[in-house]
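I have a structure here, written as structure tokens, and I will follow up with some questions on it.
The values are calculated or read from the model by the stated rules, or taken from the named source; none is laboratory data. All values reported here derive from a predicted model rather than from experimental measurement. Cβ: placed from backbone, ideal geometry, glycine included. Neighbour counts: every protein chain shown. Calculation scope for accessible area: heavy atoms of the full protein, side chains included, ligands and nucleic acids excluded. Shrake-Rupley method; radii C 1.70, N 1.55, O 1.52, S 1.80 Å.
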Amino acid sequence: MKKCILLLSICLSPAALAASNESSCSIISCNAGDKVTTYIEDASTHYFACPSKELSEYVNFVWAMVYTTYQMTGSLPNISPKTGDPEYEGQSKSMIDSLRSQANVATYDQAEGQCIKGKDKAQLMVMNNPKDSLSIWVAGKDKKAFWMPKAFLNKR
């Protein structure tokens, strides 16, 4: 799992760099009860807000891998007609397979269908910030909680 977190952090690095400042929850500790604000650099970056940590880790990891591949190569990876995942090999494939299994879904579309595209400048409160995770549990004023990547949050 540590390798998965490392690879996910590398893939989210373009997004993390966009949000990197002294107040980013990917850099500083954002604890339960802290007030935070979502941050999206531009229209080419986004995150997914999901009902579970496992769905957030899987959906945002796959999206980040595809985004990173496109940024580095100028083309998208082949997509599996069976799972909807990018067709990577080796450790990348193993990590995606493991995350899909932990999310308890058969396909990427099934997972993403349970999430929504995240919004910029949403005022939230941290509910839980697991130490070995790139996702964080937050809630808005409507009290609806969701999981999202830490890289898209700034502490207020």
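Excluding same-chain residues fewer than 8 positions from residue 155, which lysines have a Cα within less than 23 Å of its Cα?
Candidates past the 8-residue exclusion: 35, 53, 117, 119, 121, 131, 141, 143, 144.
Further question: By accessible area of protein heavy atoms, probe 1.4 Å, what ranking do 143, 150 get, highest first?
On the way: 143 165, 150 25 Å².
The ordering from most to least exposed comes out as 143, 150.
Dipole of the chain (Lys/Arg Cβ +1, Asp/Glu Cβ -1, origin at the Cα centre): which of 133, 110, 63 lies farthest to the positive side?
133
How big is the charge dipole of region 37-88 about its Cα centre, in debye rounded to the nearest 20, if each Lys and Arg gets +1 on its Cβ and each Asp and Glu gets -1 on its Cβ?
The calculated dipole for region 37-88 is roughly 100 debye.
Express the carbon and sulfur contribution to the solvent-accessible surface of region 31-156 as a percent, rounded to the nearest whole number, probe 1.4 angstrom. Can you show the working numbers first?
Working: 3430 of 6710 Å².
Roughly 51 percent, rounded to a whole number.
In square angstrom, what is the accessible area per residue of the chain with a 1.4 angstrom probe?
Using a 1.4 Å probe on heavy atoms only, each residue of the chain averages 53 Å².
Note the angle between two axes, namely the Cα long axis of helix 2-11 and the longest principal axis of the Cα atoms of the chain, as a number of degrees from 0 to 90, rounded to the nearest 10.
Relative to the chain, helix 2-11 is tipped by roughly 80 degrees.
Moving on. In degrees, nearest 10, range 0 to 90: what is the angle between the Cα axis of helix 90-102 and the longest Cα principal axis of the chain?
Tilt relative to the chain: about 60 degrees.
Taking H placed 1.01 Å from N in the peptide plane, check which residues at least 5 places from residue 136 or on another chain put their amide H under 5 Å from its amide H.
148, 150
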